[in-house]
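All remarks here apply to the structure that follows.
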């Protein structure tokens, strides 16, 4: 098919490539000029690009380019810029106590927002993404606080943790009353009684009545004679509607028999005092602090 | 006619560049340069006036000042993207009210229908920015290079000092106009005097310079280089307009019922006893056409109805002492009527059937009549247009300057408190759309046993809380609503969150939901 003669398509007058399939020939139109120009422009651009930007791999490293640009350096610069932008208000937060942080609109807005994102990373695994808690992990939205809900108390709890490895950690230990202290029927009695403290109806009225004495002898020292709790000792209030380990006579009996104890890490050694204050600001913004 | 037509008129040696339907078969046509001839006449004058008005509006509007007091900008027309406000003289629009802008666009659309059904593509011919700027660029070209023949000669000449100088001056002027076009655009988005100062001292935002650069490029390319190509190949309107026109729309038409058969030598034809129409085939209409068509081929997509061919033809008819408007704005109905008269002989067009021997036309010939403008279709368009306008005006005048928006917290939805009551959280947004600060009462209604606290104002509790609002700002509040255990209803309860300004009697209500589901523990 191919020879030295130019093969012209007689309809369009355009030269063909000489290839033919079932009588159909391929026209050999030139590339559109704009297309060629674009191609040449990209070639010129590519040459310049490989000179000023990192481009060629070497054995141990790569060419650095005239501008010394790297994506890692780029992100470092961005993050340094972010840190620089935050520095002013972070310094103010570092110097202020939590009450002052919450009183100043600028510090408060920054702290609540920053604390919110720290919370999602550090705290949400146990307390839930909305701080709604779970069985054994307190709900931070409500107004029931084992270790106190005042801003200072919240800061101290976050900073030093609960039953954590920290000199100033929140420490409390409820005895396992099932291990030889109380008899099973006494545990059932005190569980029935404790349930009535929060307005619940006892499963066994007689047991509940008997439980009052058991409670006074064994529990009131920490939980108070009315079950009002003691935040300084970390003894939960029993005369309310909120139960950390579920609320029912059986659940209470289980907790009296062999109590579970939650642990929260001390965050100040890991995050520093500013982040702790920011976290506290976020928790306070949830509305349960008092 | 005592003189031969040759002596009075210049005959242009020109063929239509864009022949549209005639050039079938080719999908790609190489651009052929068009050299529109200068022309004068009533439509040319009208186009100059409209150009002056439209360009004037475009360039001057951002510089008009409007006093809005201390808290709002003083620019009459301003699209304040950074603060999300749109100012138009006495009107201030928030992003929530962008439907006003949508309404304006609908009105512009219906207005376009109306104009098109009455006078065809008047938008294309007179006020489309592409037409206005192309017209301006052609005027600049004619200023530097001369009229059609001089321009063609210059194009054909080899590049020398003179040609380079002329071309340089032309393109420089075009670029300056293009820069001014892009420059004027950005003044609609920021305070014009401040921005001008920043622009000149190199302190303006990159986006400002970038926008100017892009618009400079598009203006230069579309108005200077591409011109009619934009109308013919890029613009959808020439295609859409076919559906807008009817037989009562005024369109630029060559009246071949009196023009045909064309004759270059009327004297000679007369001597030979041939019938000759009014068209002397001088091609003036083709030479002046900015889109390079021959209007005598009939109505065509490429025609933007700029009516310059009417001016060109009229000047020839005047010289020949024949009735003007061989090319004119006429309706298809009139045209068909007159055509029927001229072809009544059955032997093609015979202009003698419509012409009086002493000049003028027979009585049966129909001419433009104002009644065609007022017909049901245009009334419907006018009615639609006015209704939308009226509706928007009423909405604008009666709109409330206090608005409320509520978002129910969903993580967690509900929180049980130690006394057994239930609490829901809401993000409440209060929009104070007036330029003064005020105090608004936020209250909950139809929710028995409820109490409200606003984050940051914990000292105020109860069924209603006074909220101070800053002028022309949105207040973002976090509101906690709790219901006591005695009056708590399980499931969802509907209630209202109400913001009221009792002094001016404006109230905004949001229908909210209180939910006891989804409680953890």
Study note, to complete from the structure: Each label sits 7 Å from Cα toward the beta-carbon; between residue B:356 and residue A:290 the label points are separated, in nm, by 10.4 nm
Check your understanding: Tell me, what does the Kirkwood hydrodynamic radius of chain A come to in angstroms if you use every pair of distinct C-alpha atoms?
Key -> 25.4 Å
Exercise for review: Compute the Cα gyration tensor for region B:394-479, then decide on rounded, prolate or oblate, letting a ≥ b ≥ c be the square roots of its eigenvalues: rounded whenever a/c is under 1.5, prolate when a/b is larger than b/c in the other cases, and oblate in all that remain.
Suggested key: prolate
Review point. Measuring from the lowest to the highest alpha carbon on each principal axis, how far does the protein assembly as shown reach, largest first, in angstroms?
Key: 140, 76, 64
Study note, to complete from the structure: For region B:49-113 (alpha-carbon point model, no solvent) the Debye-based log₁₀ I(q)/I(0) at q = 0.24, 0.28 Å⁻¹ works out to -1.10, -1.15
Study note, to complete from the structure: So, with points 7 Å from each Cα along the Cβ direction, the residue B:382-residue B:489 label distance in nm works out to 5.6 nm
Point to revise | Of A:149, A:227, A:65, the one that fluctuates the most in a GNM where chain A has Cα springs shorter than 10 Å | key: A:65
Check your understanding: Given a Förster distance of 45 angstrom, what is the FRET efficiency for residue A:129 paired with residue B:393, based on the Cβ-Cβ distance and rounded to 0.05?
Key -> 0.40
Exercise for review: Please give, to one decimal in nm, the separation of the simple spin-label points placed at residue A:36 and residue B:98, each 7 Å out from Cα toward the Cβ.
Suggested key: 4.6 nm
Check your understanding: In which sequence would B:422, A:264 go, from the one with the fewest C-beta neighbours within 10 Å to the one with the most?
Key -> A:264, B:422
Review point. Comparing A:225, A:142, A:28, which has the greatest mean-square fluctuation in the GNM of chain A with Cα pairs linked when under 10 Å apart?
Key: A:28
Review point. Using a Gaussian network for chain A with springs between C-alpha atoms less than 10 Å apart, which of these wobbles most: A:32, A:138, A:151?
Key: A:32
**Study point:** Mean residue ellipticity (222 nm) of the protein assembly as shown, computed from DSSP H runs ≥ 4 via -39,500 (n - 2.57), nearest 500
**Key:** -13000 deg cm²/dmol
**Study point:** Order of B:171, A:261 - criterion: other Cβ atoms within 10 Å of each residue's Cβ, fewest first
**Key:** A:261, B:171
Check your understanding: Zone of residue B:53 (label point 7 Å along Cα→Cβ, backbone N under 12 Å): which residues in region B:103-127?
Key -> B:126-127
Point to revise | Average Cα contact separation per residue, chain B, under 8 Å, 6 or more apart, as relative contact order % | key: 15 percent
Check your understanding: Once you treat every alpha carbon in region A:74-177 as an equal point and sum by Debye, what is log10 I(q)/I(0) at q = 0.15, 0.16, 0.20 Å⁻¹?
Key -> -0.81, -0.90, -1.23
Practice item. Take the Cα atoms of chain B, find their three principal axes, and give me the spread along each one in whole Å, biggest first. Key: 116, 60, 46
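None of the figures in this text is laboratory data; all of them are computed from the coordinates on show. Bear in mind that the values here come from a model prediction, so they are computed numbers and not experimental data. Backbone-built Cβ (ideal geometry, glycine too); neighbour counts: all protein chains shown.
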